[in-house]
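A.B. asks: This is the structure I have questions about; it appears just below.
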Amino acid sequence: MFPTIGNWQDGVIAFGQVIFFASLLFTVFSKEKPSLWTSIPTGIVLIIYAYTFFTLKLWYGGGMSALVAVTWLVIGCQKIRRDKRQAGHKTGK
């Protein structure tokens, strides 16, 4: 059903991405968010990495990289929403 980890590199990359994903969950659920100049470019680069991993048939590493990329983009969207909400409060809207 699931592809097996074909080589050790896929396992190492996937494991590292699992650690990154787990650590990002604290940021997703935190009130404080990093700069958009951190979250958006990181998400975009990780999408490119995921595509590259998939072309090398590193399925688990690519999948986890895509998940981490989406997580960074979610954090970026949260930052945009938070900044808009704060701007509305400052102007009295």
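A.B. asks: From the list Lys84, Lys93, which one is modelled with pLDDT under 95 and assigned to a loop (DSSP other than H, G, I, E, B)?
C.D. replies: Lys93
A.B. asks: Has the range 62-71 got any residue that is in contact with a helix residue (DSSP H, G or I) (Cβ under 6 Å, 6 or more places away or on another chain), surrounded by fewer than 15 Cβ atoms within 10 Å (Cβ to Cβ) and more than 19 Å from Trp8 (Cα to Cα)?
C.D. replies: no
A.B. asks: Considering every residue within the range 46-55, establish whether at least one is closer than 27 Å to Arg85 by Cα and open to solvent by 40 Å² or more (accessible area, probe 1.4 Å).
C.D. replies: no
A.B. asks: Can I ask one more? Taking the range 19-43 only, how many residues are part of a helix (DSSP H, G or I) and exposed (fewer than 14 other Cβ atoms within 10 Å of the Cβ)?
C.D. replies: Summing the residues that are part of a helix (DSSP H, G or I) and exposed (fewer than 14 other Cβ atoms within 10 Å of the Cβ) in the range 19-43 gives 8.
A.B. asks: Next up: Name, by its number, the condition in (1) over 18 Å from Asp83 (Cα atoms); (2) open to solvent by 50 Å² or more (accessible area, probe 1.4 Å); (3) within 14 Å of the chain's Cα centre (by Cα) that does not hold for Gly16.
C.D. replies: It is condition (2) that Gly16 fails.
A.B. asks: Right, next: Condition (residue is on the phi > 0 side of the Ramachandran plot and either touching a Pro at 6+ places or on another chain (Cβ under 9 Å) or of a type in the set (A, V, I, L, M) (or both)) applied to the range 46-58: is it met by at least one residue?
C.D. replies: Yes, because at least one residue in the range 46-58 is on the phi > 0 side of the Ramachandran plot and either touching a Pro at 6+ places or on another chain (Cβ under 9 Å) or of a type in the set (A, V, I, L, M) (or both).
A.B. asks: Here's another thing I want to ask about it. Within the range 63-93, track down each residue that is without any contact (Cβ under 8 Å) to a residue 40 or more places away in the chain and touching a Phe, Trp or Tyr at 6+ places or on another chain (Cβ under 9 Å).
C.D. replies: Ala66, Ala69
The values are calculated or read from the model by the stated rules, or taken from the named source; none is laboratory data. As the structure is a computational prediction, the values presented were derived from the model and not from experiment. Backbone-built Cβ (ideal geometry, glycine too); neighbour counts: all protein chains shown. When the accessible area is computed, the model is the full protein with side chains, heavy atoms only, and any ligands, DNA or RNA have been set aside. Shrake-Rupley method; radii C 1.70, N 1.55, O 1.52, S 1.80 Å.
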